[in-house]
Amino acid sequence: MDQTKSKGDECYSIDHAALTEHRTSKPWMSSPTYFHTASFSPSSSLKILSHCQSGVTKGLKQSGKPVEVMGLLQGRPDPSNPGTIIVTDSFPLPIEGFETRVIADDSSVINHMIALGDLMEDLRPEKFCGWYHSHPFDVTTHPHTFFSSTDLSTQLQWQRSEDSHGNPWLGCVIDPLRSMSTSELIMESFRAFPPEYTPVDKFSCPDGSVVKNESERLQRWGACFNRYYRLDTVYHMSTESNKIVRRINEDFKWVESLTGGSGSDSSRIVKAVERWEEGKEGRGKARDEFKDIRGKRKAEEAKRKGLEGVFGV
């Protein structure tokens, strides 16, 4: 392996013959816990967080209460790392809801999903491989990353439809308010057990623990706690992505901008990261984008310092 490349570079390289064979053999159909890891690209995770936070902002502005949002994940099972699903991109859907109820059952939304899926499959080698949605509830002891009964039903329907066609399906839940509070993406990935599956222990939880205290168990994992399991959620970066995200972190404080700064800047950073990942053609545009954001940030900082001097803050 090229020593100048990181392990994350492998996630951007597709062996089409091996992938086709993997989809055809469908090893996940014979094991309900075949998948153990979900690996997300920088652009997919940034877009997910940005979308979920927009639901918080929009809901508070319109009704004083955050709204749940939903989107689709694009990616593939990784034949070189059995048990891993690689997520390369994410797409927001025009769906909103409240209190653990986000359902894609509107005909216009379904048509939108079909059209988007057809378009993406014509342009990219990956397929839609899962969905994400937010649980924007108050920050408490535990993160609100769990499947409600509605979530589980949605996940199971997708799994039964897609898994058998060589396209294993992933479900992700994001806690946007805790993400804003901790300045990091609080997201967990899940898969549902088939109806005929019997848990090893009736008190088994999605993370593999056995919690006999009912109140604690329900608060953390919901009423259907033993009907789904958690995968390890990790993040991969190419060598070039590593370089640019370090630069973002140093120059633009990207976590701060996503959790409490300008929404327009957050969107521009996400687009710039995507351009950088496209290759040489997109990097010139990405550099110009970051240069412009940097200039804007410096101007804002100078203005802030000036006001601090005037008001003696």
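The values are calculated or read from the model by the stated rules, or taken from the named source; none is laboratory data. Just so you know, these numbers come straight off a predicted model, no measurement behind them. Heads up, the Cβs are rebuilt from the backbone with ideal geometry, glycines too, and the neighbour counts pull from every protein chain shown. What goes into the accessible areas is simple: the full protein's heavy atoms, side chains included, and nothing from ligands, DNA or RNA. Shrake-Rupley method; radii C 1.70, N 1.55, O 1.52, S 1.80 Å.
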query = Looking at the stretch 193-300, what helices (runs of 4 or more DSSP H) fall wholly within it and have at least 2 residues that are closer than 24 Å to SER45 by Cα and at pLDDT below 70?
reply = 239-251, 254-260, 263-278
ask   = Among the residues of the stretch 185-192, is any closer than 17 Å to GLY130 by Cα, open to solvent by 20 Å² or more (accessible area, probe 1.4 Å), at pLDDT 95 or above and in contact with a Lys or Arg (Cβ under 8 Å, 6 or more places away or on another chain)?
value = yes
query = Of all residues in the stretch 142-153, how many are in contact (Cβ under 8 Å) with a residue 40 or more places away in the chain, touching a helix residue (DSSP H, G or I) at 6+ places or on another chain (Cβ under 8 Å) and open to solvent by 10 Å² or more (accessible area, probe 1.4 Å)?
reply = 3
query = Hey, among the residues in the stretch 101-138 that are open to solvent by 80 Å² or more (accessible area, probe 1.4 Å) and in a loop (DSSP other than H, G, I, E, B), which one's modelled with the highest pLDDT?
reply = ASP138
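Just one of LEU156, LEU177 is within 20 Å of the chain's Cα centre (by Cα), closer than 25 Å to LYS127 by Cα, touching a residue at least 12 places away in the same chain (Cβ under 8 Å) and not in a strand (DSSP E or B); which is it? Steps first, please.
Details: LEU177 fails: closer than 25 Å to LYS127 by Cα.
Sole residue among the options that is within 20 Å of the chain's Cα centre (by Cα), closer than 25 Å to LYS127 by Cα, touching a residue at least 12 places away in the same chain (Cβ under 8 Å) and not in a strand (DSSP E or B): LEU156.
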